[in-house]
Amino acid sequence: MTEYNFAYLDEQTKRMIRRAILKGLAIPGYQVPFASREMPMPYGWGTGGVQVSAALLTPDDTFKVIDQGADDTTNAVSIRSFFERTAGVATTTATSEASVIQTRHRIPEDALTENQILVYQVPIPEPLRFLEPRESETRKMHSLEEYGLMHVKLYEDISRHGHIATSYAYPVKVEGRYVMDPSPIPKFDNPKLGNMAAIQLFGAGREQRIYALPPYTQVVSLDFEDHPFEASKADHPCGLCDATDSYLDEVIIDDQGGRMFVCSDTDYCTARQAAGHKGKDAA
Amino acid sequence: MRPLLSVQGVSKRYGAHIGCADVSFDLYPGEVMGIVGESGSGKSTLLNCMAGHIAPDAGKVIFDTRADGPKDTVTMSEAQRRMLSRTDWAFVHQHARDGLRMGVSAGGNVGERLMAVGERHYGDIRGKATDWLERVEIDATRVDDRPTTFSGGMQQRLQIARNLVTGPRLVFMDEPTGGLDVSVQARLLDLLRGLVRDMGLSAIIVTHDLAVVRLLADRLMVMKSGRVVEAGLTDQVLDDPQHAYSQLLVSSVLQV
Ligand SMILES: Nc1ncnc2c1ncn2[C@@H]1O[C@H](COP(=O)(O)OP(=O)(O)OP(=O)(O)O)[C@@H](O)[C@H]1O
Ligand SMILES: [Mg+2]
Ligand SMILES: [Zn+2]
């Protein structure tokens with residue numbers, strides 16, 4: 001077996017990333033540039049999140065990785081085993097047992113605590129990018145708080161679809177100051193971003209940006225007075241655990257077009273089933 | 001009466017080249033100033049210095065702000081200057097695509113400035129955008145279409161609507177009719193003239209086209225090699241130019 005420095009990255013790199021994290025925590029929602037390192041996995045696999053996790057983990061940590069809410073996708077399994085191998089940390093699939101949770105596209109259903117850190121994998125950190133491709137200009141817009149453009153995007157949504165159709169990566173304003181992309185989580189998760197007890201860290205590897213929400217930060221989803229933000233989800237109970245308050249994935253169950261709705265957070269669903277809750281599609 | 005804009009000794013060099021040199025004039029509320037001169041004479045440089053797009057090397061550009069009265073826009077903070085440029089100022093580019101968001105609907109283009117100053121009611125924003133499309137003679141049914149589907153003249157009118165929706169007091173225009181067909185130009189000029197009159201706008205309009213200043217401008221400045229060589233009432237300068245260069249400029253046009 002190859003010898004690695006603890007959690008793969010050398011100490012100097014981890015120090016540099018920790019500094020970026022601290023700066024991010026000091027200026028909630030502000031994108032801090034950092035010198036992203038090559039990681040032994042492709043960018044699409046969340047190298048930003050992996051580097052943040054690498055800079056955070058200590059031998060006492062318990063690590064959980066979820067991908068769209070699931071612990072068992074290829075992506076989640078390989079990131080988990082990467083840190084088992086390079087840091088020897090304990091891993092878990094139970095949200096409540098983890099001290100560090102790396103996630104792609106979801107926030108766990110169970111409320112997180114002050115003893116936990118949530119690390120998001122971010123593909124595109126710049127919320128203004130889609131209408132203003134010039135980085136020099138978007139940086140200026142952030143520094144001068146010129147965020148009219150964000151509402152232009154929502155305006156376009158309504159004019160095209162009759163309602164705000166943006167359902168992932170729904171932009172938020174942090175502490176009344178910075179507009180932030182919460183990564184491609186469903187907008188159902190947006191209300192959990194605000195006032196969360198856990199630290200939230202966002203890492204974008206290819207784009208070399210880290211940003212953060214310290215505990216109990218005010219986070220507001222952008223909207224219009226006559227088209228208020230709605231944290232929508234599929235209007236069903238979970239087919240397996242009967243939960244009515246969780247974000248659901250639609251799953252095809254046979255080749256006759258049969259489908260069911262199940263919790264995207266597999267740990268949440270499994271725990272509810274173990275506690276005796278039973279949905280209409282449960283065996 | 002206090003000038004709306006007072007330009008005092010504005011100079012801008014590009015290395016050893018002179019962009020514009022020691023330009024001074026006052027613009028009063030409701031007045032339209034034309035700036036003419038051959039290519040390279042410094043018209044755009046001067047306009048961009050006044051509009052805050054480039055920083056002059058020397059001089060003051062004092063604007064009579066609504067809140068605090070006359071303020072030098074050269075030394076105010078960038079945040080204040082950018083706020084002016086999306087509220088009290090308008091800038092109409094020669095090429096509509098420099099002044100429009102081509103990937104955004106006509107309504108979104110017009111609504112952007114409203115949203116930038118804090119309007120958050122979709123229905124109101126859309127209503128105002130639609131009104132403005134009609135004011136610039138674009139059919140309201142085109143509100144959700146992108147400017148890429150518009151003709152050159154329509155794009156230019158959309159650019160004007162997008163700029164005027166916040167009720168600015170000063171409009172900067174750089175060759176607003178350049179590159180358009182003659183008949184399209186005429187319609188645009190009529191529209192501009194009507195808007196200037198109805199809204200009581202002050203404007204500074206840069207152009208090669210003496211017919212444009214004849215129609216729109218109360219006063220005229222003639223530039224050569226970065227300097228103003230003659231200034232006066234438009235009809236006076238055009239009918240009785242004093243400076244040799246102005247005489248040449250006027251006669252070369254008359255020969256066309
Ligand atoms: N970015 C620049 N870098 C260097 N020189 C410049 C730059 N912009 C303009 N100049 C020079 O400054 C002078 C004035 O140019 P400006 O563009 O202001 O003229 P203009 O009167 O607007 O011309 P036109 O009618 O062709 O638009 C010219 O000599 C030009 O070459
Ligand atoms: Mg020019
Ligand atoms: Zn479930």
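For A:Lys14, the lysines whose Cα falls under 30 Å of its own Cα, not counting residues fewer than eight places away in the same chain, are A:Lys23, A:Lys64, A:Lys140, A:Lys173, A:Lys192. If you run the Gaussian network model on chain A, springs between alpha carbon atoms under 10 Å, then out of A:Ser167, A:Ser143, A:Ser183 the most flexible one is A:Ser143. Take every DSSP beta bridge whose two residues both sit in region A:1-117; close to 20 percent of them are antiparallel. Helix B:122-135 axis versus longest C-alpha principal axis of chain B: approximately 50°, rounded to the nearest ten.
The dipole here belongs to chain B: it is taken about the Cα centre, uses +1 on the Cβ of Lys and Arg and -1 on the Cβ of Asp and Glu, and is about 620 debye. Taking the centroid of alpha carbons for each part, region B:84-122 and region A:207-283 are 38 Å apart.
Helix B:244-254 axis versus longest C-alpha principal axis of chain B: approximately 50°, rounded to the nearest ten. FRET efficiency for the A:Thr270 to A:Asp10 pair, using the beta carbon distance and R₀ = 25 Å, is estimated at 0.10. Model label sites at A:Ile253 and B:Tyr14, defined 7 Å from Cα along the beta-carbon direction, differ in position by 7.0 nm. Of all the options A:Gly44, A:Gly162, A:Gly239, the one that moves most in a Gaussian network model of chain A with Cα springs shorter than 10 angstrom is A:Gly162. Other residues with beta-carbon under 13 Å from the beta-carbon of A:Ser99 carry, at +1 per Lys or Arg and -1 per Asp or Glu, a net charge of -3. Taking amide hydrogens as placed 1.01 Å from N in the peptide plane, the amide H of B:Lys224 sits under 5 Å from those of B:Val229, each at least 5 positions away in sequence or on another chain. Note on A:Lys280: lysines with a C-alpha under 19 Å away, same-chain residues under 8 apart excluded, are A:Lys233. Centre-to-centre separation between the Cα atoms of region B:173-225 and those of region A:40-110: 63 Å. Its Cα centre serving as origin, region B:113-215 has a Cβ charge dipole (Lys and Arg +1, Asp and Glu -1) of approximately 260 debye. Going by alpha carbons, how many degrees (0 to 90, nearest 10) lie between the helix axis of B:106-116 and the longest principal axis of chain B? That helix lies at roughly 80 degrees to the long axis. Size estimate for the protein assembly as shown follows the Kirkwood approach: the inverse of mean 1/r over distinct Cα pairs works out to 26.8 Å. Near the amide H of A:His227, within less than 5 Å, lie the amide hydrogens of B:Tyr122, all on another chain or at least 5 residues away, with H placed in the peptide plane.
Values quoted throughout were computed directly from the atomic coordinates according to the rules given, and no laboratory measurement underlies them. Just so it is clear, the structure is predicted and the values come from calculations on it, not from any experiment. Counting neighbours? That spans all protein chains shown, and the Cβs are built from the backbone with ideal geometry, glycine included.
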